[in-house]
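**Student:** One structure coming up, written as C-alpha cells, with questions to follow.
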Amino acid sequence: MEKKLAVKIQYPGIAESISSDLALVKPIAIKMFNIKGKDSDKYFKEVENKLIEETDYLNELKQSKAIAEACKHLPNIRFPKYYEEYSSNRIITMDWMTGKHLSEFTEANTDVEKSNKIGQALWDFYMYQIHVIKKVHADPHPGNFLVNNEDQLIALDFGCMKEVPNDFYIPYFELAKKENINDQAFFKTKLYELEIIKESDTPEEKKFFTALFHEMLSLFTQPFHSEVFDFSDGDFFGKIAELGERYSKSSELRNMNGNRGSKHFIYINRTFFGLYNLMHDIKATNIKINNYTNL
C-alpha cells in the first residue's frame with residue numbers, strides 16, 4: 001500500500017547567509033533601539049544561534065520526534081510521524097497530514113464549540129511545553145498548524161524550539177501572578193533578576209522601566225489571573241495594541257538604553273505574542289488556563 005509523505009527541503013545557501021545578513025542588520029538595530037553596553041551582543045547571538053539552529057534539519061528532526069512523543073497524550077492535537085531513513089541535514093520527511101491551515105479554519109468557522117475545542121488544544125499544548133517540558137515551539141503562527149476533519153489540531157515545523165532555563169522561568173512566571181505584580185518590593189526584585197533594571201541604571205531609568213513593565217505585565221498577564229479566559233475579547237487586545245502604539249511613539253523610551261532584559265525574553269515573548277494572536281483569531285471564549293495540570 002502506498003503512503004503519502006511530505007518532504008521539507010532547505011533552499012541552498014540559507015545557512016551560509018545568516019551570519020552575514022545579521023551583521024548588516026546589527027548596526028541599524030543598535031541605533032534604532034539605542035542598545036548600549038558591552039554585553040549587548042547577547043541579543044544578536046541569541047537570534048543568530050536560533051536562526052542557524054533552524055537550518056539544521058537533523059536537529060529539527062530530533063526535536064520534532066521528541067515533542068511528538070512528549071505531547072502525544074494531549075487531547076485533540078496530532079503530529080506527523082517522521083522518517084529518519086528518508087531525512088538528512090537538508091531534508092525532512094514526514095507523514096502527509098490532511099487538514100485546513102489554521103487561518104482557513106478561523107476565517108470560515110462560526111461554531112463556538114469548535115473554536116473552544118481547537119483553542120483549548122492549542123493552549124494546553126503550549127502550557128504543557130512551557131511548564132512541564134521547559135522547551136517550547138517558539139514559532140506559533142497559522143502556517144504551522146492544520147485542523148483536520150475531526151476538528152483536531154495538527155502541529156508542524158519544530159525548527160525553532162526554545163529551552164526555558166529555571167533561572168528565567170521562575171521569576172518570569174512569578175510575575176504572572178497578580179499579587180506579585182502589586183507587591184512593589186517583590187516586583188522590583190524580580191525586575192533585577194530578569195535584567196530589566198540594573199544597578200548601573202540611573203534613578204530616572206529605574207523609575208521609568210519599573211513603571212513601564214508594571215503597566216505592561218498588569219495587562220499581558222491577565223489570562224493567568226483567572227481560571228477561565230475569553231481570548232475573543234476585543235477590549236483586551238485593543239488595550240494591548242494601544243499600549244504598543246503609545247510606547248512605540250515614546251521619545252522618552254527611545255532615549256533610554258535599550259540594552260536590558262534577559263536574552264530569553266526574545267523568544268519567550270515572541271511565543272506568547274504569537275500564541276495570544278492565534279487564540280484571538282480562533283475566537284476561543286472559554287479556555288481553562290491551568291488545564292495542562294490535569295493532563
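The values are calculated or read from the model by the stated rules, or taken from the named source; none is laboratory data. Owing to the predicted nature of the structure, the values given are computational and were not obtained by experimental measurement. For neighbour counting, all protein chains shown are included, and Cβ atoms are generated from backbone atoms with ideal geometry for every residue, glycine included. The area values use the complete protein model at the heavy-atom level, side chains included, leaving out ligands, DNA and RNA. Shrake-Rupley method; radii C 1.70, N 1.55, O 1.52, S 1.80 Å.
**Student:** Convert 37 °C to kelvin, take the viscosity as 0.692 mPa s, use the Kirkwood radius over C-alpha pairs of the stretch 1-136 as Rh, and evaluate the Stokes-Einstein diffusion coefficient in µm²/s, rounded to a whole number.
**Tutor:** Numbers: Rh = 18.3 Å.
The estimated diffusion coefficient comes to 180 µm²/s.
**Student:** If DNA, RNA and ligands are ignored and the probe is 1.4 Å, what is the ranking of Met216, Met256, Met127 by accessible area, most exposed first?
**Tutor:** Numbers: Met216 45, Met256 25, Met127 0 Å².
From most exposed to least exposed: Met216, Met256, Met127.
**Student:** Sticking with this one: Let me check I've understood the local charge: for Lys206, count other residues with C-beta under 10 angstrom from its C-beta, Lys and Arg +1, Asp and Glu -1. What total comes out?
**Tutor:** Numbers: positive: Lys188, Lys198, Lys207; negative: Glu199, Asp201, Glu204, Glu205.
Computed value for this residue: -1.
**Student:** Further question on the same structure: In the neighborhood of Arg270, defined by Cβ-to-Cβ distances under 12 Å, what is the net charge if each Lys or Arg adds +1 and each Asp or Glu adds -1?
**Tutor:** Working: positive: Lys50, Lys162; negative: Glu46, Asp139.
Net local charge, Arg270 excluded: 0.
**Student:** Put His131, His225 in order of accessible area, largest first, 1.4 Å probe: what do you get? Working shown, then result.
**Tutor:** Values: His131 35, His225 65 Å².
Most to least solvent-accessible, the answer reads His225, His131.
**Student:** Output wanted: per-residue J couplings in Hz (rounded whole) for the stretch 98-106, from phi through Karplus 6.51 cos²θ - 1.76 cosθ + 1.60, θ = phi - 60°, x for Gly and Pro.
**Tutor:** Computed from phi, the couplings for the stretch 98-106 are 9, x, 7, 4, 4, 5, 5, 4, 5 Hz.
**Student:** OK, next. First check a/c for the stretch 178-266, with a ≥ b ≥ c the square roots of the eigenvalues of its C-alpha gyration tensor; if it is under 1.5, answer rounded, and if not, answer prolate when a/b is larger than b/c or oblate otherwise. Mind showing how you got there, number by number?
**Tutor:** On the way: a/c = 2.24, a/b = 1.39, b/c = 1.61.
Since a/c reaches 1.5 but b/c is at least a/b, the shape of the stretch 178-266 is classed as oblate.
**Student:** Pick out which of Thr271, Thr98, Thr221 has the largest mean-square fluctuation in a Gaussian network model of the chain, springs linking Cα atoms closer than 10 Å.
**Tutor:** Result: Thr98 has the largest fluctuation of those listed.
**Student:** Using the Kirkwood radius over C-alpha pairs as Rh, can you work out the diffusion coefficient of the chain via Stokes-Einstein at 37 °C, viscosity 0.692 mPa s, in µm² per second?
**Tutor:** Values: Rh = 20.9 Å.
Here the translational diffusion coefficient equals 157 µm²/s.
**Student:** Say a site is exposed when it is one of the GluC sites (Glu not before Pro), sits in a DSSP loop, and has at most 16 other Cβ atoms within 10 Å; what is then the longest site-free stretch of the chain?
**Tutor:** Values: sites that count: Glu2, Glu150, Glu199, Glu227.
Between exposed loop sites, the widest span is 3-149.
**Student:** Tell me whether the stretch 58-137 comes out rounded, prolate or oblate; compute the Cα gyration tensor, take square roots of the eigenvalues as a ≥ b ≥ c, and use a/c under 1.5 as the rounded threshold. Walk me through the numbers on the way to the answer.
**Tutor:** On the way: a/c = 2.68, a/b = 1.48, b/c = 1.81.
The shape class here is oblate.
**Student:** Okay, moving on. Can you compute the charge dipole magnitude of the chain about its Cα centre, using +1 on each Lys and Arg Cβ and -1 on each Asp and Glu Cβ, nothing else charged? Give it in debye, rounded to the nearest 20.
**Tutor:** 400 debye
**Student:** Once you've got the GNM for the chain with C-alpha springs shorter than 10 Å, pick whichever of Asn166, Asn180, Asn277 has the biggest mean-square fluctuation.
**Tutor:** Asn166
**Student:** Where is the GNM fluctuation largest for the chain (alpha-carbon springs, 10 angstrom cutoff): Ile14, Ile196, Ile133?
**Tutor:** Checking each option, the largest mean-square fluctuation is seen for Ile14.
**Student:** Something else now. With unit charges on the beta carbons (Lys and Arg positive, Asp and Glu negative) and the dipole taken about the Cα centre of the chain, which residue among Asn291, Ala138, Asn76 sits farthest to the positive side?
**Tutor:** Checked the options; the winner is Ala138.
**Student:** Also: Please go through the residue pairs Lys188/Lys239; Lys81/Lys288; Lys135/Lys177; Lys263/Lys283; Lys114/Lys190; Lys100/Lys239 and name each one whose alpha carbons sit more than 27 Å apart in this structure. If you can, show how the numbers build up before the last one.
**Tutor:** Details: Lys188/Lys239 24 Å; Lys81/Lys288 29 Å; Lys135/Lys177 21 Å; Lys263/Lys283 31 Å; Lys114/Lys190 39 Å; Lys100/Lys239 31 Å.
Pairs exceeding 27 Å: Lys81/Lys288; Lys263/Lys283; Lys114/Lys190; Lys100/Lys239.
**Student:** Next question, about the same structure. How many percent of DSSP beta bridges within the chain run antiparallel, rounded to 5?
**Tutor:** Approximately 90 percent, going by the DSSP bridge assignments.
**Student:** On to the next question. Can you classify the stretch 162-212 as rounded, prolate or oblate using the Cα gyration tensor, where a ≥ b ≥ c are the square roots of its eigenvalues, rounded means a/c under 1.5, and otherwise it's prolate if a/b beats b/c and oblate if not? Please report the intermediate quantities before stating the final value.
**Tutor:** Working: a/c = 2.54, a/b = 1.37, b/c = 1.85.
Judged from the Cα gyration tensor, the stretch 162-212 comes out oblate (a/c at least 1.5, b/c at or above a/b).
**Student:** Can I ask one more? If I take every Cα pair under 8 Å that is 6 or more residues apart in the chain, average their sequence separation and divide by the length, what percent do I get for the relative contact order?
**Tutor:** Details: 376 pairs, mean separation 72.0, N = 295.
Reported as a whole number, the value is 24 percent.
**Student:** Could you tell me which trypsin sites (Lys or Arg not before Pro) in the stretch 206-276 are loop residues by DSSP with no more than 11 other beta carbons within 10 angstrom of their beta carbon?
**Tutor:** Numbers: sites: Lys206, Lys207, Lys239, Arg246, Lys249, Arg254, Arg260, Lys263, Arg270; in loops: Lys249, Arg260, Lys263.
Here the sparse-neighbourhood loop sites are Lys249.
**Student:** Still on this structure, please answer the following. Kirkwood hydrodynamic radius (Cα pairs, Å) of the stretch 231-295? Write out the running numbers ahead of the final one.
**Tutor:** On the way: mean 1/r = 0.0696 Å⁻¹.
Answer for the stretch 231-295: a Kirkwood hydrodynamic radius of 14.4 Å.
**Student:** Gly99's amide H: which non-local residues (gap 5+, or another chain) put their own amide H closer than 5 Å, with H modeled 1.01 Å from N in plane and none for Pro or chain starts?
**Tutor:** Amide H neighbours of Gly99: none.
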